[in-house]
Amino acid sequence: MIKDMLRLRKQIKQEKPLVHSITNPISIHDCANVILAAGGRPIMAEHPKEAAQITRTAKALMLNLGNITDVRMESMEISRSVAKENGISIMLDLVGVSCSDLRLCYAETLLKGGGISILKGNMSELLMIAGQPSHSIGIDAGKEDALTEENISQITELFKALSQETGAVLVASGKEDLIVGHDEAYVASNGVGMLSEITGTGCMLGALCTTYLSAGDPMLASLLGVTMMGVSGELAAHNSKGPGTFQLELLNQIYGVEETELEAKTRICRL
């Protein structure tokens, strides 16, 4: 699997796919830069009158529900519909659905429309979209929802059913990342606590997954996305004095981490 991930990373750097990202202003700068670092070309258009035209030119579409507005909601639905019609892969990031009825209902509407290839969120957000109780604190996952040895089997089966229902690969980010398709599941164990000390890393992970999704394989894109973020975070923390230098070094590592180091540090287990 790691060989396939490395081939995908190289392919994206060679092809430089256009990635249309409709995201929140809090992390838009970081998302654009991480798409560039991964090898893609970002375009962050969100006006409803140009959303369809822009989406048609892209290889993948990122929809992020953070800091949601009426304009962005209108544009996301337009772009989702156009992407589905044109076979363009879509990543939906469920930011805040566990603390906002508005976002939850809207996310359900987008899912019903179809075409979503990757469904990403923290554990509380994905439990909420699966119709289960969650314990979020704002947009952060609650400790009660964390992945444990006791609940991993139950959550994996729940998410496999949701994957079957939606057609999407689920990416649950956390201390350990859980990646689930309708008939397979993986735990990725890379990462470092500093990733939660700066804003936007969850959105950046979504941008990474979307960039790799442009090649068309949602499971491989998800595995490479969480691995790149986790390994790059580990390396960045080692070379940083605090959150300011960590943020800069994280981007450097996503851009330039050596294949040998990525292969040596990757920790993925199939369930």
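The distance separating the Cα centre of the range 29-56 from that of the range 197-271 comes to 19 Å. The alpha-carbon of Lys59 sits under 16 angstrom from the alpha-carbons of these aspartates and glutamates, leaving out residues fewer than 8 places away in its chain: Glu15, Glu85, Asp217. Accessible surface calculations at 1.4 Å, restricted to protein heavy atoms, place the chain at 44 Å² per residue. Excluding same-chain neighbours fewer than eight residues apart, the lysines reachable from Lys265 by a Cα-Cα span under 25 Å are Lys3, Lys10, Lys13, Lys120, Lys175, Lys241. For a paramagnetic label modelled on Cys269 (point 7 Å from Cα along Cα→Cβ), amide N atoms under 20 Å away belong, within the range 112-148, to 123, 145-148.
Contact order, relative form, for the range 139-271: 22 percent (alpha carbon pairs under 8 Å, 6 or more residues apart, mean separation divided by residue count).
May I ask for the net charge around Val192, where only other residues with Cβ less than 14 Å from the Cβ of Val192 are counted and Lys, Arg are +1 while Asp, Glu are -1? Taking every Cβ under 14 Å from that of Val192, the sum is -2.
When the helices of the chain are scored as -39500 (n - 2.57) per DSSP H run of n ≥ 4 and the total is divided over every residue, the value at 222 nm lands at -16500 deg cm²/dmol.
Long hydrophobic helices in the chain, taken as whole DSSP H segments with a C-alpha length of 27 Å or more on their own axis and mean Kyte-Doolittle hydropathy at least -0.5: 218-238. Each label point was placed 7 Å from the Cα along the Cα-to-Cβ direction; for Ile137 and Glu157 their separation is 3.1 nm. Ligands, DNA and RNA left out, the accessible area of the chain computed with a 1.4 Å probe is 51% carbon and sulfur.
The values are calculated or read from the model by the stated rules, or taken from the named source; none is laboratory data. Since the structure is predicted, the reported quantities are computational estimates derived from the model, not experimental observations. Using ideal geometry, Cβ is built from the backbone for each residue, glycine included, and neighbour counts are taken over all protein chains shown. Quick note on the areas: whole protein, heavy atoms, side chains included, nothing else; ligands and nucleic acids left out. Shrake-Rupley method; radii C 1.70, N 1.55, O 1.52, S 1.80 Å.
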